[in-house]
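Okay, so here's the structure we're looking at.
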Amino acid sequence: MKPDELRGHLDALILAVLEKEALHGYAIMEELGKLSSGAIDLPTGTLYPGLRRLERIGYLRSSWSTVGGRQRRTYELTSAGRRALADERSAWQRFTSVIGAVLDPSATHT
C-alpha cells in the first residue's frame, strides 16, 4: 500500500502496533509489515513525523536506550494513547459497517 492510501489511518496503525509493547521506529515499521503480510511498507519519512506528532499530543512517550552500541528511541503508549486507540477502533468499525452496507448491500452487516 502506498502511504497516501493510509492517510487518516496511520495514527491508529501506529497506536495498535504499540499496544502490546514499546518499540523503536524500525521495529514499528517491521511489525506493520508483518501484521499486514507485507502490504504496509512505510518510508521513514512517513513514520517518524507520525511518531513525533503522537508524542507531542500525548498519545506516546519515548525514551532513549542503547542497543548494540546504538542509540534508539523507544516509543510506548500512554493512557491517553490507549483511549485514543479504543476510539479509533470504534470509529473504524462504524466506518467499515457503513461503507460495507453501501458497497455490498447483499451482505449482512452489523
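No lab work stands behind these numbers, since they all come straight from the coordinates. Keep in mind it's a predicted model, so treat the numbers as computed, not measured. All Cβ positions, even for glycine, are placed from backbone atoms using ideal geometry, and neighbour counts span all protein chains on display.
How would you order 83-94, 53-64, 23-34 from highest to lowest mean count of nearby Cβ atoms within 10 Å?
The packing order, highest mean first, is 23-34, 53-64, 83-94.
Please give the calculated 222 nm ellipticity per residue for the chain, where each DSSP H segment of at least 4 residues contributes -39500 (n - 2.57) and the sum is spread over every residue; nearest 500 deg cm²/dmol?
Helix contribution divided over all residues of the chain: -17000 deg cm²/dmol.
Step through the residues of the range 76-91 one at a time and calculate ³J(HN,Hα) from phi using the Karplus curve (6.51 cos²θ - 1.76 cosθ + 1.60, θ = phi - 60°), rounding each to whole Hz and writing x for Gly and Pro.
Ordered by residue, 3J(HN,Hα) equals 9, 6, 9, 5, 5, x, 5, 5, 4, 5, 4, 5, 4, 5, 4, 4 Hz.
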